Amino acid sequence: MSNQISAVDDILSEYQGLEAQLADPELHNDPSAARRVGKRYSQLQPIIRVHDELSAVRGDLEAAREMAHEDSEFAAEAERLAERQVELEEKLADLLAPRDPHDADDIVMEIKSGAGGEEAALFAGELARMYQRYAEKHGFVTEILGLSESDLGGVKDMTLSIKSKQPSADGAWSVFKFEGGVHRVQRVPVTESQGRIQTSAAGVLVYPEPDEVEAVEIDDKDLRVDVYRSSGKGGQGVNTTDSAVRITHLPTGIVVTCQKERSQIQNKARAMQVLAARLQQQMEEAADAEAAEGRAAQIRTMDRSERIRTYNWPENRISDHRIGYKSNNLDTVLNGDLEDLFTALQTAERNARLEAE
């Protein structure tokens, strides 16, 4: 309990400091700093609201118990307030539980078709639409940064950003971080004339894109920058100039592309942001792996070689192999109804974090 009180005191102090910063007109001359402070302020608000209500309930409960000695009608009120106090204490403990430090961040997602040729590309396209539909329903904004399509309109390679419309403690990373890995599909491909079920796969890579990427220095000599004509949807103008940019980071082999903007300069700047985020994530994962050596593997992994989920069309079934989740609603899941699956994954992660603590 004393640890919780100490944690709340620290948060109250930080919240008051952020409030003072936001009231200072000077802060808003720096949009990046203002966004960072505003984001943190929004993250702490749910904790402050619960804490304030809990304080009020505790005061009312004390008064109701005193009055109950003189008037029995207050006994029922005291009982109700006591139940509410327990609810709020549990809610506050939940809000103060250890969290992934990137949960509030926006993300970049890469989707690549794997084994299975055209069928894999069609499946990769369905995964992309699934994520876009979920994002649209839940207050996120998606933006396609790069796209390479197959002959039948599938996705060979797509890069998209997913951002929160409003700053929140539960940003895009808190939801989509579980999606990194190999997604396997079992169905009769449209290209199959014999009606045989085949298995193909798509790889998904997800990484946080913080407001400011720190601790990453990129040397120009480590980069190969290629420009090319944009392909894919985007209107007539998008295909008339060599504005798309592909950057290869030679030491790591990481390749990022951006073709969203009409300007080559803008595309290069955006691609550099994505590259910096990728490199930062790689550094953090290496540090986490070193720190976790000898411990049980965490629930989440970014390793695309790991098969995390199977989508079985004939049985309308989706199976997440990491937590043993199965559900026979594949049709609605592909339409963006991922709430039950994501809740199960978030619960498993939270339990793993509490056990680790």
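The values are calculated or read from the model by the stated rules, or taken from the named source; none is laboratory data. None of the values given here were measured: they were computed from a predicted structure. Ideal geometry is used to build each Cβ from the backbone, glycine not excepted, and the neighbour counts take in all protein chains shown. For the accessible areas, the whole protein counts, side chains as well, though only heavy atoms, and no ligand, DNA or RNA atoms are used. Shrake-Rupley method; radii C 1.70, N 1.55, O 1.52, S 1.80 Å.
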Taking R0 as 35 Å and r as the Cβ-Cβ distance between residue 352 and residue 219, the FRET efficiency 1/(1 + (r/R0)^6), rounded to the nearest 0.05, comes to 0.40
With a 27 Å threshold on alpha-carbon distance, the violating pairs from 165/326; 112/268; 112/177; 39/112 are 165/326; 39/112
Here the stretch 164-175 yields Karplus 3J(HN,Hα) values (6.51, -1.76, 1.60; θ = phi - 60°; whole Hz; Gly and Pro given as x) of 6, 5, 10, x, 7, 5, 9, x, 4, 4, 4, 9
A correct Karplus calculation of ³J(HN,Hα) over the stretch 104-113, with 6.51 cos²θ - 1.76 cosθ + 1.60, θ = phi - 60°, whole Hz and x for Gly and Pro, returns 7, 7, 6, 9, 10, 10, 10, 10, 10, 6
Labelled set (1) 83, 56, 46; (2) 58, 46, 39; (3) 64, 39, 38; Cα extents along the principal axes in Å computed from this model equals the value at (1)
Sorted by chain and then number, the residues having a modelled amide H within less than 5 Å of the amide H of residue 321, at least 5 places away or on another chain, are 309, 310
Applied in sequence order to the stretch 79-95, the curve 6.51 cos²θ - 1.76 cosθ + 1.60 (Karplus, θ = phi - 60°) yields integer Hz couplings, x standing for Gly and Pro, of 5, 5, 5, 5, 5, 5, 4, 4, 4, 5, 5, 5, 5, 5, 4, 5, 5
Cα extents of the stretch 124-218 per principal axis, largest first, Å, are 53, 34, 21
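Which order do 12, 250 take by accessible area at a 1.4 Å probe, largest first?
Ranked list, largest accessible area first: 250, 12.
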Rounded to the nearest 10, the angle in degrees between the Cα long axis of helix 2-22 and the longest principal axis of the Cα atoms of the chain comes to 70
Taking 0.36 nm per residue of separation between residue 325 and residue 133 and subtracting their Cα-Cα distance, the length gained on full extension comes to 67.0 nm
When the chain is treated as a Gaussian network with springs between alpha carbons less than 10 Å apart, the largest mean-square fluctuation among 251, 98, 314 is found at 251
Rounded to the nearest 500, the 222 nm mean residue ellipticity computed for the chain from DSSP H runs (n ≥ 4, each -39500 (n - 2.57)) alone is -15500 deg cm²/dmol
With +1 at each Lys and Arg Cβ and -1 at each Asp and Glu Cβ, the charge dipole magnitude of the chain around its Cα centre, to the nearest 20 debye, comes out at 2180
Given Cβ charges of +1 for Lys and Arg and -1 for Asp and Glu, the option among 169, 120, 348 whose Cα lies farthest towards the positive end of the dipole of the chain is 120
